[in-house]
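For reference, the structure is listed below as structure tokens.
The values are calculated or read from the model by the stated rules, or taken from the named source; none is laboratory data. Everything numeric in this text was worked out from a predicted model, so none of it was measured. Cβ placement follows ideal geometry from the backbone for every residue including glycine, while neighbour counts extend to all protein chains displayed.
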Amino acid sequence: MVRTIPPDRFPAVVAAAAQVFIAHGYQRAQVQDVADALGLAKGTLYGYAQGKAALFAAAVRFADGHEPLPVPADLPVPAPADGEVAALVAGRLGGELADLKLAGALLDPLTDGATPADLRAEFTGIVTDLYARLARHRLAIKLVDRCAPELPDLAEVWFGAGRRANVSGIEEYLVRRQQAGTVSLPGPAPLVARTIVELCALWAVHCHFDPAPGPSGSTPDVIDDAAVAAMIAEIFARATTSPLS
């Protein structure tokens with residue numbers, strides 16, 4: 001008798017796999033852990049993914065909802081080929097970096113006639129845009145950040161083209177603005193740039209997985225990303241630019 005696969009179970013498999021890999025890392029996570037989280041027999045789980053590597057790849061690919069899920073006829077998802085997950089992450093990074101507001105500001109800088117309000121709006125737009133993109137890929141970022149140190153090809157992509165590229169781009173922007181006399185940095189440009197990226201990543205990604213209560217007894221589930229992004233942008237705008245009249 002052919003076993004019927006419930007159409008709504010694969011998203012639950014992806015979600016459970018993401019949580020298991022985030023909690024345990026790649027090496028310690030086991031297929032049995034995912035099965036236990038779902039209340040399924042381990043053998044049943046193999047009807048959805050061909051093993052641990054397949055579960056990890058599926059979590060990175062599908063957990064944030066940016067790609068359509070496979071139909072039941074295409075299950076179980078296969079184990080990824082060598083370098084496939086790294087290539088997926090590289091492609092996602094490339095797609096985001098290409099149209100960052102930061103990239104636009106570097107390619108087409110404001111003219112000498114730009115007002116302080118224009119410059120401030122550009123800077124806050126860069127920060128809030130970066131935050132929004134991090135938030136959009138929250139689960140994949142958390143997965144990769146947690147597991148990349150155990151997967152060399154993924155680590156090369158993530159810690160190179162990923163985090164380093166963002167920091168370098170913001171650093172270049174700040175240095176240009178500093179040389180033009182339109183910002184006064186509170187510290188060395190590399191340090192300020194990394195602080196911007198890390199603070200955005202902290203709130204857009206990592207705070208959503210913090211089991212501790214947030215301010216005033218709130219929980220990570222009620223983080224207002226738009227408000228936090230605006231706050232971070234305002235902090236750095238005030239720290240680096242003159243107050244608007």
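Have a look at Ser242, Ser216 and point out the one that is assigned to a helix (DSSP H, G or I), at pLDDT below 95 and not aromatic (Phe, Trp, Tyr). Even if it seems obvious, please write down each step before you answer.
Working: Ser242 fails: assigned to a helix (DSSP H, G or I).
Answer to the check: Ser216.
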Selection from region 111-141 of residues surrounded by fewer than 19 Cβ atoms within 10 Å (Cβ to Cβ) and more than 20 Å from Glu198 (Cα to Cα) yields Thr111, Asp112, Gly113, Ala114, Thr115, Pro116, Ala117, Asp118, Ala121
Cβ pairs under 7 Å, 6+ apart or interchain, first in region 116-131 and over 15 Å from Leu100 (Cα atoms), second β-branched (Val, Ile, Thr), ordered by first then second residue, are Pro116/Thr241; Leu119/Thr182; Leu119/Thr241; Arg120/Thr241
Taking region 84-111 and the residues there that are touching a residue at least 40 places away in the same chain (Cβ under 8 Å) and charged (D, E, K, R), the one that is farthest from Asp153 (Cα to Cα) would be Glu96
Does region 62-76 include one or more residues that are among the charged types (D, E, K, R), assigned by TED's automatic domain parsing to the domain that holds Ala15 and under 30 Å from Leu174 (Cβ atoms)? yes
With the structure loaded, tell me whether Ala132 is modelled with pLDDT of 95 or more and either more than 23 Å from the chain's Cα centre (by Cα) or within 21 Å of His206 (Cβ to Cβ) (or both) or whether it fails that test. yes
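I'd like the residue in region 75-105 that is of a type in the set (Asp, Glu) and within 12 Å of Arg133 (Cα to Cα) and, out of all such residues, is surrounded by the most Cβ atoms within 10 Å (Cβ to Cβ). Steps first, answer last, please.
Applying the first criterion (of a type in the set (Asp, Glu)) to region 75-105 yields 82, 84, 96, 99.
Restricting the remaining residues to those that are within 12 Å of Arg133 (Cα to Cα) gives 96, 99.
Values: Glu96: 18, Asp99: 11.
Filtering region 75-105 for residues that are of a type in the set (Asp, Glu) and within 12 Å of Arg133 (Cα to Cα), the one surrounded by the most Cβ atoms within 10 Å (Cβ to Cβ) comes out as Glu96.
State the number of residues belonging to region 106-143 that are assigned to a helix (DSSP H, G or I) and acidic (Asp, Glu). Write out each step before concluding.
Filtering region 106-143 for residues assigned to a helix (DSSP H, G or I) gives 106-107, 116-136, 138-143.
From the residues that got through so far, the ones that are acidic (Asp, Glu) too are 118, 122, 129.
Of the residues in region 106-143, 3 are assigned to a helix (DSSP H, G or I) and acidic (Asp, Glu).
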Filtering region 161-188 for residues that are within 24 Å of Thr115 (Cα to Cα), without any contact (Cβ under 8 Å) to a residue 40 or more places away in the chain and in a helix (DSSP H, G or I) leaves a count of 4
With criteria (1) at pLDDT 90 or above; (2) crowded, with 16+ Cβ neighbours inside 10 Å, Trp158 comes up short on (1)
Every listed condition ((1) surrounded by fewer than 19 Cβ atoms within 10 Å (Cβ to Cβ); (2) of a type in the set (D, E, K, R); (3) over 24 Å from Ala165 (Cβ atoms)) holds for Asp108 save (3)
